[in-house]
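Participant: Before we start, here is the structure in question, set down as structure tokens.
The values are calculated or read from the model by the stated rules, or taken from the named source; none is laboratory data. These numbers were taken from a predicted model, which means no experiment stands behind them. Here the Cβ is made from the backbone with ideal geometry for all residues, glycine too, and neighbour counts use every protein chain on show.
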Amino acid sequence: MKKLLYIIIAIVAIVGVLAILRPTKSHASGDKVLVAYFSATGNTRGVAERLANATGADLFEIVPESLYTADDLDWRNDKSRSSVEMGDKNSRPEIASTIENIDQYKIVFLGFPIWWGREPSVVDTFLSAYDFSGKTIIPFATSGSTPTTEQADENIRTIVPNADVLTGKRFPSDVSAEELKTWAGEWL
């Protein structure tokens, strides 16, 4: 009986040590994965959260220093904040959030709503703030009307030329976690 008890204790101890030593949120390739996103109205946030949960990736929200109001987002007004920013490809609105150690990530899923056919300028600020050399960036977007991320993909490649920017994908805001996991599985 004592021998059985010692064996059980030894097994529990070994399993405990292995659980402690196992890297968290890494994938088959051993690379840490990040889901970074900007969401003005919550649609992209929902997709990003489901993607991070489905894949075990870390989640980071790109938060603008000055949050966007409904008036700022009025695309019909040429003088609205978003219209002015999107009219200037060099616009880099300040961001309030930063990532402590971007170097730990090899794969970055980058989420955003599509504005004027591309990523919002605040996403460009995020991309300009870090060295993405040698990292894989996989864009994903939400949009009520724009069918692809083609223009965003090209803009992102221009901003981070030393990263491997893959072809992005547009999702409806109600995309399932299972569909996101299947899509992301190609790189994880």
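Participant: Just to be sure, is F132 crowded, with 20+ Cβ neighbours inside 10 Å, in a loop (DSSP other than H, G, I, E, B) and touching a strand residue (DSSP E or B) at 6+ places or on another chain (Cβ under 9 Å)?
Facilitator: yes
Participant: Hey, another quick one. If you check P161 against the conditions, is it in contact with a strand residue (DSSP E or B) (Cβ under 8 Å, 6 or more places away or on another chain) and either outside any strand (DSSP E or B) or at pLDDT 95 or above (or both)? Before the answer, list the steps.
Facilitator: Values: in contact with a strand residue (DSSP E or B) (Cβ under 8 Å, 6 or more places away or on another chain): no; either outside any strand (DSSP E or B) or at pLDDT 95 or above (or both): yes.
Considered against the rule, which asks whether it is in contact with a strand residue (DSSP E or B) (Cβ under 8 Å, 6 or more places away or on another chain) and either outside any strand (DSSP E or B) or at pLDDT 95 or above (or both), P161 comes out as no.
Participant: Find the residue count for the range 139-155, including only residues that are over 19 Å from K89 (Cβ atoms) and crowded, with 22+ Cβ neighbours inside 10 Å.
Facilitator: So the count comes out to 2.
Participant: While we're on this one: Could you count how many residues in the range 155-178 are touching a Phe, Trp or Tyr at 6+ places or on another chain (Cβ under 8 Å) and either farther than 22 Å from S121 by Cβ or basic (K, R) (or both)? Steps first, please.
Facilitator: In the first step, residues of the range 155-178 are kept if they are touching a Phe, Trp or Tyr at 6+ places or on another chain (Cβ under 8 Å); the result is 160, 162-163, 166, 168-171.
Among the residues that remain, those that are also either farther than 22 Å from S121 by Cβ or basic (K, R) (or both) are: 169-170.
Total satisfying the criteria: 2.
Participant: Please list, ordered by first then second residue, the pairs with beta carbon atoms under 8 Å, 6 or more apart or interchain, first in the range 60-77 and closer than 8 Å to I95 by Cα, second among the polar types (S, T, N, Q) and assigned to a loop (DSSP other than H, G, I, E, B).
Facilitator: Close Cβ pairs satisfying both conditions: I62/S97; V63/S97.
Participant: Inspect the range 127-134 for any residue being free of Cβ contacts under 8 Å to residues at least 40 places away in the same chain, over 30 Å from N77 (Cβ atoms), hydroxyl-bearing (S, T, Y) and out of contact with any helix residue (DSSP H, G or I) (no Cβ under 8 Å at 6 or more places or on another chain) and give the result as yes or no. Write out each step before concluding.
Facilitator: Initially, the range 127-134 is screened for residues free of Cβ contacts under 8 Å to residues at least 40 places away in the same chain, giving 127-134.
Cutting the leftovers down to over 30 Å from N77 (Cβ atoms) gives us 130-134.
Of the ones still in play, those that are also hydroxyl-bearing (S, T, Y) are 130, 133.
This time we only want the ones that are out of contact with any helix residue (DSSP H, G or I) (no Cβ under 8 Å at 6 or more places or on another chain), so: 133.
Yes, the conditions are met somewhere in the range 127-134.
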